[in-house]
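Worksheet: the structure to be examined is printed underneath.
Taken together, the values in this text are just the output of simple stated rules run on the coordinates, not laboratory data. Values in this document were obtained by computation on a predicted structure and should not be read as measured data. Here the Cβ positions follow ideal geometry from the backbone for every residue, glycine too, while neighbour counts run over all protein chains shown.
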Amino acid sequence: MGKQGLKRGFINRIFGVPATKTPQDSDCWSFRDGVITVDLGRAPELSKPGGSIRLEGGDLPERVLVFQGDDGTYRAVKNRCTHIGHRRLDPVPGQNCVQCCSVNGSMYEYDGANLKGPAPHPIKTYQVVKEDNALIIKLA
Ligand code: FES
C-alpha cells in the first residue's frame, strides 16, 4: 500500500497553507556564515517525531523545513516543492516522508527523492548535526 498524505482541508490546499508553523519563539534559531543553529530548548515543536518548524525570512537565502523524522532523527530540507507552484512542505507523521501543502500534494522521501505526485525533481536536503541541545544545519 502506498504512503498516505496529510489530511488537510481543501481551502488550505488551494491557498497553499502549510500545516507547519514558524517557531513560537522566533529567537530559537539564528543564521550565520551559511549555518543555521536551532536551540532545541526553545523549539518545543521539535520535541517529538513528526514535529516541525519552518524557518524563513531575515538573511536566510531560502526557506528551510526542520523536523524530527519518524525514526527520531532530525532533518532539514529546502522548503520549496519542485512542482510549478513551489509551495511549502510538511512532514507526514507515520509515513517517513514529506508532502507539499498544495492541492497536488507531491510527496518526497526523507532523502529528497520523489515519491508521488507531479513534482519533477527531488528536493534539496541538508546535513543536520545535533550538538548538545542544538541543531547545526549547514546550507552550503
Ligand atoms: S507545488 Fe507542490 S505539487 Fe504543485
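Determine, at each q value in 0.23, 0.29 (inverse angstroms), the log₁₀ of I(q)/I(0) that the Debye formula gives when each Cα of region 17-82 is one equal point scatterer.
-1.04, -1.51
Mind scanning Lys7/Lys78; Lys78/Lys130; Lys21/Lys116 and naming the pairs with a C-alpha gap bigger than 20 Å?
Flagged as over cut-off: Lys7/Lys78; Lys21/Lys116.
Three principal axis extents, largest first, for the C-alpha atoms of the chain, in Å?
38, 29, 26
Give the peptides 83-91, 39-47, 19-27 in descending order of average Cβ contacts within 10 Å, highest first.
In decreasing order of mean packing, 83-91, 39-47, 19-27 become 83-91, 39-47, 19-27.
Whole-Hz ³J(HN,Hα) for each residue in region 21-26, computed from phi via Karplus 6.51 cos²θ - 1.76 cosθ + 1.60 with θ = phi - 60°, x for glycine and proline: what do you get?
Result, rounded to whole Hz: 9, 6, x, 4, 9, 5.
Where the centre of each part is set by its Cα atoms, how far does region 61-87 sit from region 1-52, in angstrom?
Centre-to-centre (Cα) distance: 8 Å.
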